[in-house]
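The values are calculated or read from the model by the stated rules, or taken from the named source; none is laboratory data. Every value quoted in this text rests on a predicted model; they were computed, and no experiment measured them. FYI the Cβ positions are ideal-geometry reconstructions off the backbone, even for glycines, and counts take in every protein chain you see. We work out accessible area using only protein heavy atoms, side chains counted, and drop any ligands, DNA or RNA first. Shrake-Rupley method; radii C 1.70, N 1.55, O 1.52, S 1.80 Å.
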Amino acid sequence: MFEELSKGELTLYSILIFLFLENLVNLYLTRRQIFVYETSKEIPEELRDVMKKETFEKARLYGLDKANFEVFKLLVCDVGIATIELYTGFVAQVWARALEVSARVGLNPANEIHVSIVFLVMINIIGIFKDMPFKIYGTFVLEEKHGFNKQTPGFFIKDQIKSFLVGQVLSIPIVAAIVYIVQIGGDYFFIWLWAFVGVVSLILITVYPVYIAPLFDKFRPLEDGELKTSIEKLAESLHFPLGKLFVVEGSKRSAHSNAYFTGLFGAKRIVLFDTLLLNKGLADDSTLADDEKGKGCENKEVLAVLAHELGHWKLGHVRKNIIIMQVQMFLIFIAFSQLFKYSPLYQAVGFPENVQPILIGFLVIVMYVLAPYNTLISFGMTILSRRFEYQADDFANGLGYSKDLGKALVKLHIDNLGFPIYDWMYSAWNHSHPTLLQRLERLKATQKKDR
Ligand SMILES: [Zn+2]
């Protein structure tokens, strides 16, 4: 039967088969976790003193809702729509429209860069329509139902428009440059491509927190006081080049709490989510809802969380991740340079013979041809990330924050209505952080060793 298939069709079927297998694995693992949500009725022993039966039940139902929604999305988007799109040559149809639109808006349809830009914008707009029902349901039905949604429809719409516009402003010049570099770069264009994308990504990492993140969220400097002084002391004792300390109003978007630091070179800024800080529910703070009072961490616990974050810095985790990312990109570009002239790749997504746009080749190779490789790498990165998390916990532990870190992890987990029990396979495949119970166990074990 295979003799009757063209190479393009064979490529298409290989892509579809891998896509199907990958989704099958995801579906199976999520089903396993759903089984855990459905059958776990007992609070784990370690949490019995701190987690109320009522909270446990709430977290269970929240987790169950999220997992079922995940399955629905996977079946509709990742299996249904993706298969139909591939099968009907959707990408080639959009490209054909992009040619027409280019002529209509006064661009040159014979110029591949012009058409690529129009194609990119069109694909992104289509993507918005595909994602929107899920985003709206996720935010205004699912998160709302469990008390996490803090967005008004007005804020949501503005936020979506802003992120679309920022996305276009950033991606259009980058894609144009990539196509141009491939066009003029000669046989070794992948080296230029790598250098360009490498520099751009470093610039973005530097520019993003200072100029782009404030477009979406409100940042205010952390007020003077005990917390600020003790953070400064902690940073100084570790020789951390602390620039500014910010609090971000994360609660506008959602109530999930966090803390992070940014900045590659020179002074770094630490950002605390306001949801990390303790909501004392003071009488004068009338903006605080009843269910927000008492959420968040005491100062000592905030410091423990920061000790963990600074552990990531001290142990070079950010640098290591950036190096891995750069090596990754180099390998991907080499693979692209070797494969992009192979015409069945273009026929697989519906293009006629001899039409081989660079951007399409790039997307097909990175998204589909390298999909098995990407899956392996991302699994490897998940494992590495969990190692880094343990190391950062160990670091905080070494500074004497073991108890406070444990308490903070429990509190943040409960504030976020995280469910404490996970299927081991689901967790191994999906979680970038060890689970709460794993981290508590490790903190306890290593603390004992010190004594
Ligand atoms: Zn961490």
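Things to note:
- Taking region 314-369 and the helices (runs of 4 or more DSSP H) fully enclosed by it, the elements with 1 or more residues that are closer than 23 Å to I117 by Cα and free of Cβ contacts under 8 Å to residues at least 60 places away in the same chain are at 317-339, 358-363.
- Considering (1) open to solvent by 40 Å² or more (accessible area, probe 1.4 Å); (2) within 15 Å of the ligand (Cβ to nearest atom), the lone condition that L412 does not fulfil carries the number (1).
- Residue that is farthest from the ligand (Cβ to nearest atom), among those in region 418-451 that are surrounded by fewer than 20 Cβ atoms within 10 Å (Cβ to Cβ) and part of a loop (DSSP other than H, G, I, E, B): R451
- Set E38, E22: member being in contact with a Ser or Thr (Cβ under 7 Å, 6 or more places away or on another chain), not in a loop (DSSP other than H, G, I, E, B) and not hydrophobic (A, V, I, L, M, F, W, C): E22
- Exactly one residue among D404, D394 is among the charged types (D, E, K, R), touching a Lys or Arg at 6+ places or on another chain (Cβ under 6 Å) and within 16 Å of the ligand (Cβ to nearest atom), and that residue is D404.
- Selected residue (criterion: nearest to the ligand (Cβ to nearest atom)) from residues of region 326-352 that are loosely packed, with under 14 Cβ neighbours inside 10 Å and not polar (S, T, N, Q): V327
- Among the residues of region 52-107, those that are charged (D, E, K, R) and in contact (Cβ under 8 Å) with a residue 40 or more places away in the chain comprise K58, R60, D65, K66, E70, K73, D78.
- Number of the exception - G127 against (1) of a type in the set (G, A, S); (2) under 20 Å from the mean Cα position of the chain (by Cα); (3) surrounded by 17 or more Cβ atoms within 10 Å (Cβ to Cβ): (3)
- The helices (runs of 4 or more DSSP H) falling completely within region 136-246 that include 3 or more residues that are open to solvent by 50 Å² or more (accessible area, probe 1.4 Å) map to 153-184, 189-207, 226-237.
- Qualifying residue in region 373-384 (condition: assigned to a helix (DSSP H, G or I), away from the ligand (no atom under 16 Å from the Cβ), buried (at least 21 other Cβ atoms within 10 Å of the Cβ) and of a type in the set (A, V, I, L, M)): no
- When residues in region 78-111 are screened for being exposed (fewer than 14 other Cβ atoms within 10 Å of the Cβ), of a type in the set (A, V, I, L, M, F, W, C) and within 22 Å of L24 (Cβ to Cβ), 2 of them pass.
- When E46, E42, E9 are checked against the criterion of being surrounded by 16 or more Cβ atoms within 10 Å (Cβ to Cβ) and acidic (D, E), E46 stands alone in meeting it.
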